[in-house]
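Peer 1: So that we are looking at the same thing, I have put the structure below in structure tokens.
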Amino acid sequence: MKRYSILIFCVILFSTVNAQLKIGVARKSITPETPVWLSGYASRTQPSTEVLHDLWAKALVIEENVKSRIIIVTTDILGLSHDISEEVAQRVIKAHGIDRSQLLLNSSHTHSGPVIWPALSVIFEFNQADQQAAMKYNQKLTDAIVEAVDMAFAEMAPGQLSYCRGTAGFSVNRRESTEKGVVIGVNTGGPVDHTVPVLKATDMNGNPKAILFGYTCHNTTSRSYLINGDYSGFAQIEIEKMYPGAIAMYIAGCGADQNPNPRGTVELAAEHGKTLADAVRKALNGELRPVRPPIRTSYTVTDLQFPPIDPGIYRKEMTDPDIYIQRRARLIMEAYNKGWDMSVYKYPVQAVRFNNDFTILGMTGEVVIDYSIAAKKKYPGENMFVAGYCTEVQCYIPSKRILDEGGYEPESSMIYYGFPGPFAGNVEDRVMGAVTLVMKRTRVKH
Ligand SMILES: [Zn+2]
């Protein structure tokens, strides 16, 4: 009899905890009209030729009560601009009464999606009409994200969350040491993370509504003129075929120094997508752990410093034979002459914590894997996924190690992003300080 009562008590406790959640999910197409200039590679010489598959903005709303919610948005694009992210946040805050920490925006970083102006504008020779077309797409994207969030709210219903984890082995560290320094290549001995975290959201009958999964790897398998989501686009399509009625959402990890291997064709992107989808299915067929409230969120902004601007250097670079160095110098001098402060980048960091069951650390920009490793090591009991490409994508975020080693991520990428980099030597301390703060603010005491 006693054992029977304990069992009933556990069942009631478990259902009460889980019944508190309401879940809504929706998606809206963000496929651009073709032809459109695609973003990510400086080597492209023409706009897109056709659409291979649709790109999506997808929104997942998880609500504990009206004050405790999280909205997770994923987008099949290179990265959101600062202005898009700000406008989306303001509109969603106004419409749904949340604070900024309750909205997590992520981009898949596909290199086969449209230009998101003005990111990487240094690699394009855009005339005014091209710029206007890009701004028009920015507005379409902004509206689509807000609409997806509204739709997800509208279809919210009681549901449950659970977590599992798989692995996929196609990412490789790309920072290869050579006599000429570190280049983008294949470094089989470098740090990688093959984990595939999976968060499943179901209705009260156990039917999957949303499958949120992640991976820590650049979305750079193919380099074609076909609009597509690269491996993560293919993976989402595969998962939606496996679980009819569910929306699959890809959240990018800190894969700034990780590449798919092998790479080069759309066929390989499809193959990696299938591998990732299979890893998700295998994990879902294994042991799932409940993910319970309370939901705690925190968002902070920290200053990352660049060296002070020396106008003499950039004036000289305005006549540099390298067109990209020239264009960056023009951008920086324009800002300098307007009196803008270019020495600080305001860097957002966010934590989303579900009890002690699952945590998403949301890092802004192109974040190298060292941060993911460091955060997981610092918070070993959190069951943590460290997402990169959150909020906005303005540049790479190197660790101290990578800053010291040099190469594309800490140094030359800054030219294409139009920043006066590399960052100052304390970049990692500043970022990890912000991580410590958001983790402290979201701590769940038992
Ligand atoms: Zn990148």
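The values are calculated or read from the model by the stated rules, or taken from the named source; none is laboratory data. Since this is a predicted model, take the numbers as computed values, not measurements. Because the Cβ atoms are built from the backbone with ideal geometry, glycine has one as well, and the counts that use them run over all protein chains shown. To get the accessible areas, we keep the full protein, side chains included, count just its heavy atoms, and leave off ligands, DNA and RNA. Shrake-Rupley method; radii C 1.70, N 1.55, O 1.52, S 1.80 Å.
Peer 1: For region 368-446, with all protein chains present and a 1.4 Å probe, just round the carbon and sulfur fraction of the accessible area to a whole percent.
Peer 2: Numbers: 1560 of 3030 Å².
Carbon plus sulfur share of accessible area: 51 percent.
Peer 1: What Rg and what Dmax come out for region 138-204 when only alpha-carbon atoms are used, in angstroms?
Peer 2: 20.4, 59
Peer 1: Averaged per residue, what accessible area in Å² does region 278-333 show with a 1.4 Å probe, protein chains only?
Peer 2: Values: 3080 Å² over 56 residues.
Per residue, region 278-333 has an accessible area of 55 Å².
Peer 1: So what J values fall out for region 148-155 if you push phi through Karplus, 6.51 cos²θ - 1.76 cosθ + 1.60 with θ = phi - 60°, rounded to Hz, Gly and Pro as x?
Peer 2: 4, 5, 4, 5, 5, 4, 5, 10
Peer 1: State, to one decimal in nm, how far the label point of Met242 lies from the label point of Lys377, with both points 7 Å from Cα in the Cβ direction.
Peer 2: According to this spin-label approximation, the distance is 3.2 nm.
Peer 1: Moving to a separate point now. By how many nm would the segment from Thr49 to Thr167 grow when fully extended, if each residue of separation counts as 0.36 nm and the alpha-carbon distance is taken off? Walk me through the intermediate numbers first.
Peer 2: Working: separation 118, 0.36 × 118 = 42.48 nm, distance 3.42 nm.
That works out to 39.1 nm of additional length.
Peer 1: Plugging the Kirkwood radius over Cα pairs into Stokes-Einstein for the chain, at a temperature of 4 °C and a viscosity of 1.567 mPa s, what D comes out in µm²/s? Let's see the in-between values first.
Peer 2: Values: Rh = 22.3 Å.
Approximately 58 µm²/s, per Stokes-Einstein.
Peer 1: If each DSSP helix of 4+ residues adds -39,500 (n - 2.57) and the sum is divided by the residues in the chain, what number results at 222 nm, nearest 500 deg cm²/dmol?
Peer 2: Values: 11 runs with 150 residues, N = 446.
Here the helix-only value at 222 nm equals -11000 deg cm²/dmol.
Peer 1: Round to the nearest 0.05 the FRET efficiency obtained for Lys274 and Ala335 when R0 = 51 Å and r is the Cβ-Cβ distance. Mind dumping the intermediate values first?
Peer 2: On the way: r = 45 Å, r/R0 = 0.88.
FRET efficiency, Lys274 to Ala335: 0.70.
Peer 1: Could you check how much of the accessible area of region 105-175 is carbon and sulfur, as a whole percent, using a 1.4 Å probe?
Peer 2: Numbers: 1290 of 2560 Å².
Carbon plus sulfur share of accessible area: 50 percent.
Peer 1: Which far-off residues, 5 or more places away or on another chain, put their amide H under 5 Å from the one on Ile30, with H placed in the peptide plane?
Peer 2: Excluding prolines and chain starts, which carry no amide H, the hits are Leu55, Trp56, Ala57.
Peer 1: I've got another one for you. For region 338-351, what does the Karplus curve 6.51 cos²θ - 1.76 cosθ + 1.60, with θ = phi - 60°, yield as ³J(HN,Hα) per residue in whole Hz, taken in order and with x for Gly and Pro?
Peer 2: Those phi angles translate into 7, x, 6, 7, 9, 8, 10, 10, 7, 10, x, 9, 9, 10 Hz.
Peer 1: What's the ranking of 82-90, 52-60 by average number of surrounding C-beta atoms within 10 Å, highest first? Intermediate results must be reported in sequence, preceding the final value.
Peer 2: On the way: 82-90: 18.2, 52-60: 23.2.
Put in order of decreasing packing, that is 52-60, 82-90.
Peer 1: Which aspartates and glutamates does Lys136 reach when only Cα atoms under 16 Å apart count, and residues fewer than 8 places away in its own chain are ignored?
Peer 2: Glu33, Asp83, Glu87
Peer 1: Please list the non-local residues whose amide H lies under 5 Å from the amide H of Val51, H modeled 1.01 Å from N, same-chain partners needing a gap of 5 or more.
Peer 2: Amide H neighbours of Val51, under 5 Å, 5+ apart: Ile227.
Peer 1: Based on the Cβ-Cβ distance from Ser177 to Asn207, what FRET efficiency comes out when R0 is 45 Å, to the nearest 0.05? Let's see the in-between values first.
Peer 2: Numbers: r = 50 Å, r/R0 = 1.11.
Given R0 = 45 Å and the Cβ-Cβ separation, E is 0.35.
Peer 1: Arranged from highest to lowest average of other beta-carbon atoms within 10 Å per residue, in what order do the peptides 277-289, 399-411 appear? Numbers along the way, then the final one.
Peer 2: Details: 277-289: 17.4, 399-411: 19.4.
Highest mean packing first, the order is 399-411, 277-289.
Peer 1: Non-local amide H neighbours of Leu80 (under 5 Å, H modeled in plane, Pro and chain starts lacking H): which ones?
Peer 2: Val393
Peer 1: On a 21 Å Cα-Cα criterion, which of the cross-link pairs Lys22/Lys377; Lys140/Lys241; Lys378/Lys400; Lys209/Lys445 come out too long? Could you put the intermediate results ahead of the total?
Peer 2: Working: Lys22/Lys377 32 Å; Lys140/Lys241 27 Å; Lys378/Lys400 17 Å; Lys209/Lys445 30 Å.
Correct reply: Lys22/Lys377; Lys140/Lys241; Lys209/Lys445.
Peer 1: Then there's this: From the phi angles alone, apply the Karplus equation (6.51, -1.76, 1.60; θ = phi - 60°) to region 71-86 and give each ³J(HN,Hα) in whole Hz, x where the residue is Gly or Pro.
Peer 2: 10, 10, 10, 10, 9, 8, 9, 5, x, 7, 7, 4, 5, 5, 4, 5
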